[in-house]
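Colleague: Quick one: structure below, then a few questions.
Since every read-out is calculated from the coordinates, none of them should be taken as a lab result. No experiment lies behind these values; they were computed from the predicted model shown. Here the Cβ positions follow ideal geometry from the backbone for every residue, glycine too, while neighbour counts run over all protein chains shown.
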Amino acid sequence: MFVWAMQDPKSAKLHGIQIIKGWLDDSGEPQEKVYAVACSDGYKPEEEDEICPPNGAAIDINTCAIQQGPLVPGEGELSAVWRDPDFDPDQHAFYYARVIENPTCRWSTYDAIAEGVYPPTEVPPFIRERAWSSPIWYNPSVANEATPLPIEPVENVGQEDFWDTIIQQVEKHYSTKLMK
């Protein structure tokens, strides 16, 4: 699975990308597991809880100004190629990506600054905005009929080169099969 996220130009840099997997266990109970697949600033996921470690991003609580620039922790763009280490080809599952930004001020903090008062203490002054992808649904009966693309590592590839590679692989592995 390939995931790719870009920073909203008017918001904070990206902290990490997670893949969330959901499935039903043998007793029919819903299960969920979170996998950190891309972390900012060269960090690797912390294996025990599958999250990206803190990257040192900070916010000035007096102004809520979002820091930008090359020396600010976080990334303008994150991507990863990921394969489910717990994949069971006979199990129905869904996957979706969740992108997490560096912290930003909560709206109540912005309002407090505008009014010249302290932010409310009932809620944290900062939040971490998130974005979610549409889910990918894995159905074993359908998947067993298709021939998967070979898995090849993709590292340090620009956007244009990446899409050229994807198109070539799809054409190579699927186009001729559709014509038969």
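Colleague: Please state the relative contact order of segment 2-145 as a whole percent: Cα pairs under 8 Å, 6+ residues apart?
Modeller: Across segment 2-145, relative contact order equals 28 percent.
Colleague: Take GLU32 and ILE136, extend 7 Å from each Cα along the Cα→Cβ direction, and tell me the distance between the two endpoints in nm.
Modeller: 2.0
Colleague: I'd like the GluC sites (Glu not before Pro) in segment 1-76 restricted to DSSP loop residues with at most 12 other Cβ atoms within 10 Å, sorted by number.
Modeller: Those that pass, being in a loop and sparsely packed, are GLU47, GLU48.
Colleague: Sort VAL72, VAL37, VAL117 by Cβ crowding within 10 Å, fewest neighbours at the top.
Modeller: VAL117, VAL72, VAL37
Colleague: Still on this model: Suppose each label sits 7 Å from its Cα in the direction of the beta carbon; what would the PHE162-THR121 distance come out to in nanometres?
Modeller: 4.5
Colleague: For SER27, SER133, what's the fewest-to-most ordering of other Cβ within 10 Å of each Cβ?
Modeller: Lowest to highest Cβ neighbour count: SER27, SER133.
Colleague: Also: Within segment 15-123, report the trypsin sites (Lys or Arg not before Pro) that DSSP leaves as loop and that have at most 16 other Cβ atoms within 10 Å.
Modeller: ARG83
Colleague: Say each of TYR43 and TRP107 gets a label point 7 Å from the Cα, pointing the same way as Cα to Cβ; how far apart are those two points in nm?
Modeller: In this crude label model, TYR43 to TRP107 measures out at 2.8 nm.
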